1. Obtain the nm distance between the two label points defined at ASN7 and TYR48 by a simple spin-label model: each point lies 7 Å from its Cα along the Cα-to-C-beta direction.
2. What are the residues whose amide H is under 5 Å from the amide H of TYR26, where those residues sit 5 or more places off or on another chain and H is modelled from the backbone?
3. Excluding same-chain residues fewer than 8 positions from LYS42, which lysines have a Cα within less than 26 Å of its Cα?
Amino acid sequence: MVFYDPNDLAKVAKGILKPWDVVPYYTLNLTDIIPFYNGCTKTEGAAYDRQHRLLYIIQYQGDGTKPLVHVFRVLGGTSCRHEPPDLNCDGCI
């Protein structure tokens, strides 16, 4: 999972930066935070609930043939500080 500065993405939308000029400030290997995630595991999607500070990661066929949703509470400040995200695993739903 890669993390970008939202300000850089806004600059791309405004035509100030080219899309290829934006680089992630952090890359997270999901196997580091989800124990049974492995090299063959596929991520179906991800979403962030800003109001509740929850990050949802959907694992393709994580529960047999059904998707498995991992939920993480994002801790720390509210601004983009170019630091690794501070995630707390709330478990799977």
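No value in this document is a laboratory result; all are computed from the given coordinates. Everything quoted here is computed from the prediction, not taken from an experiment. Here Cβ is always computed from backbone atoms with ideal geometry, including for glycine, and neighbour counts include all displayed protein chains.
1. With each label placed 7 Å out from Cα toward Cβ, I get 1.5 nm.
2. PHE3
3. Within the straight-line limit of under 26 Å, LYS42 reaches these lysines: LYS66.
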